[in-house]
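The values are calculated or read from the model by the stated rules, or taken from the named source; none is laboratory data. Since we're looking at a predicted model, the values are computed, not measured. In this analysis, Cβ positions are derived from the backbone assuming ideal geometry, glycine residues included, and neighbour counts consider all displayed protein chains. These accessible areas exclude ligands, DNA and RNA; they are computed on the full protein's heavy atoms, side chains included. Shrake-Rupley method; radii C 1.70, N 1.55, O 1.52, S 1.80 Å.
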Amino acid sequence: MSDGDGTLSDKERPGKRARTVTRAILVALLLALGAMSALIVWSLMPVSESSELVEFEVFPGWGANRVSEELEDRDLVRSAPVFSAYLRIRGLDRSIGEGLYDLDRAASAPQLAETLVRGGRPRVAQVLLPEGIRATDLAERLEAAGLHQLESYAELISQPGALRPPYLPESATLEGYLFPASYEIPLSDTPQEVVDRLLERFDQEIDKTVREELERSGLSVHEWVILGSMVQSEAGSDEEMPLIAGVFLNRLDLGMPLQSDPTVAYGLGKSLPELDALAGDIRQDHPWNTYTRSDLPRGPISNPGRSALLAVLSPVREDEQGNEYLYFLHGFDDDEIVFRPNINLDDHNQDVARYLRGEGP
C-alpha cells in the first residue's frame, strides 16, 4: 500500500527492514563476542589473589583435556575448556611434562601453562636400607615403598643378567652388592633401574684406595664382600669390626673353620635368633655352614655397610704382644653386653663360662 502521494511506507520498504535486522544481529554478535571475550579473559585469570602452593601431578599419558580437568578440579584454573583451548592455540598441548609441580593459585592460566611445559620433578620413594640387611628383606622394603613387586627383585637378584658387575662371579647372586643407604628413588624407575642404583652406589666404595688395599691383601672383591657381610652380621658396633675381621682372616690363613653362626642361619634361610643348635642346625652341612667347612661360605650373607667393608681391609689381627686373635664372643656382665676377643681356646672357654653361662667370678 502506498501513501496518498503514491510513495511506500517504511513498513513497505524491504531494504530498510533488512538493514535494521542486520544491525540488530551485528549488535547481538558484538555483544556476544564481548561477553565471550570477557569470559575468556576472566577464565585465564588467577583463581585467587592470595598465593597458595598446591602439589599437582601430571601422570604419563595425560593430554591437554585431562590436565585441564584435573586443574579445574583442584581449583587451579577457572575453566578446563578454556585452559585446554589455550594450550592448543599456543601449541603447548603436546609439551606438558609429567611429574610433580608446586602450582600457585595466584598464578594466571598462561603462567601455569608455562610452568607445566618446563616439566615436573619425579615423585620419589624414600627408602632406608640398613647395614646388614639381607636381599630378601631389602626386596620387601622396596615393594612396601611402592617400587614394584617383590618377585621382580627376587629374579633380578638371583639372575642379574646385564646388571652383573664385572667383579661378580658368574654363579653369584647380587647379595652383598646392594649397598645399604638412604635412597630417594623415583616411582617411575623400573626394577632394573632400582637395582642398578644400588649397584652403582656399591661401586662408589671401590675407589683407588680400596683397590690398592684389595691388591695388597690378596682378596678378590667377592671375598672382600663375603667377609664384610660376616663382620657386619657378627659385630655389635663399628669398634668391634676390625677385631672380628682379624679373627676371620687369621683363621683362614690357618685353615681353621670360621665357625660363624650367622652364616649357618643364612644357609638355612633362618634369622639368627631362629638358629637352633640343639635341633642340629649347626651340624647340618650346606655351602654356608662355616662349622662343617673350613673356607669362606659360598657368598655374602647380607649387604654390608662401609665400616664393615673397610674393617676387612684394616683388621686388628694381633694383641699387644703379637699374638694372633682366633676367637671372640659377645656375652653379658651385670646385664651389660661385653665383647671379648681371645688368642687361645682356653681363654675363650673361660669367657664362655663367665659371660655366657654365668659360671665365672
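Calculate, for S50 and L100, the FRET efficiency according to 1/(1 + (r/R0)^6) with r their C-beta to C-beta distance and R0 22 Å; round to the nearest 0.05. Show your work: numbers first, answer last.
Details: r = 22 Å, r/R0 = 1.01.
Between S50 and L100 the formula returns 0.50.
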Estimated [θ] at 222 nm from DSSP helical runs (n ≥ 4, -39500 (n - 2.57)) normalised by residues in the chain, nearest 500
-13000 deg cm²/dmol
Global size of the stretch 201-271 as Cα Rg and Dmax, reported in angstrom
13.2, 37
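Take the Cα radius of gyration of the stretch 228-269 and divide it by 2.2 N^0.38 Å, with N its residue count; two decimals is plenty.
Numbers: Rg = 10.6 Å, N = 42, 2.2 N^0.38 = 9.1 Å.
Output field value: 1.16.
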Cleavage-rule hits (trypsin sites (Lys or Arg not before Pro)) in the stretch 44-118: DSSP loop, at most 15 neighbouring Cβ within 10 angstrom
R74, R90, R94
Using only Cα atoms and rounding to the nearest 10 degrees, what angle (0 to 90) does helix 80-89 make with the longest principal axis of the chain?
90
What fraction, in whole percent, of alpha-carbon pairs in the stretch 286-361 exceed 22 Å separation?
44
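At 0.890 mPa s and 25 °C, plugging the Kirkwood radius over alpha-carbon pairs of the stretch 44-142 into Stokes-Einstein gives what diffusion coefficient in µm²/s? Intermediate results must be reported in sequence, preceding the final value.
Numbers: Rh = 14.9 Å.
Here the translational diffusion coefficient equals 165 µm²/s.
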How far apart, in nm, are two points set 7 Å out from the Cα along the Cα-to-Cβ line at D346 and at H286?
3.8
How much length would be gained if the chain were fully extended between R74 and A279, taking 0.36 nm per residue of separation minus their Cα-Cα distance, in nm to one decimal?
67.6 nm
The stretch 101-247, accessible area per residue, ligands and nucleic acids excluded (1.4 Å, Å²)
47
Based on the inverse mean of 1/r over its pairs of different Cα atoms, what is the Kirkwood hydrodynamic radius of the stretch 226-361, in Å?
15.3
If you take the beta carbon distance between S108 and R164 as r and set R0 to 45 Å, what does 1/(1 + (r/R0)^6) give as a FRET efficiency, to the nearest 0.05?
0.30
For the stretch 142-158 and the stretch 286-309, what is the separation of their Cα centres, given in Å?
24
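Efficiency by 1/(1 + (r/R0)^6): what FRET value for R118 and E336, r their Cβ-Cβ distance, R0 = 51 Å, to the nearest 0.05? Provide the component values of the computation, followed by the final result.
On the way: r = 58 Å, r/R0 = 1.14.
Efficiency for this residue pair is about 0.30.
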Sequence-distant residues sharing a close amide H with L129 (under 5 Å, placed H)
A181, S182, Y183
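Rounded, prolate or oblate: which one fits the stretch 262-316, using the alpha carbon gyration tensor with axes a ≥ b ≥ c (rounded when a/c is under 1.5, else prolate when a/b beats b/c, else oblate)? Please list the in-between numbers first.
Values: a/c = 2.43, a/b = 1.83, b/c = 1.33.
Here the stretch 262-316 falls in the prolate category.
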So if each residue of separation counts as 0.36 nm, and I subtract the Cα-Cα distance between I89 and E318, what length gain in nm does that give?
74.6 nm
Its Cα gyration tensor gives the chain an equivalent ellipsoid whose semi-axes in whole Å, largest first, are 79, 19, 17
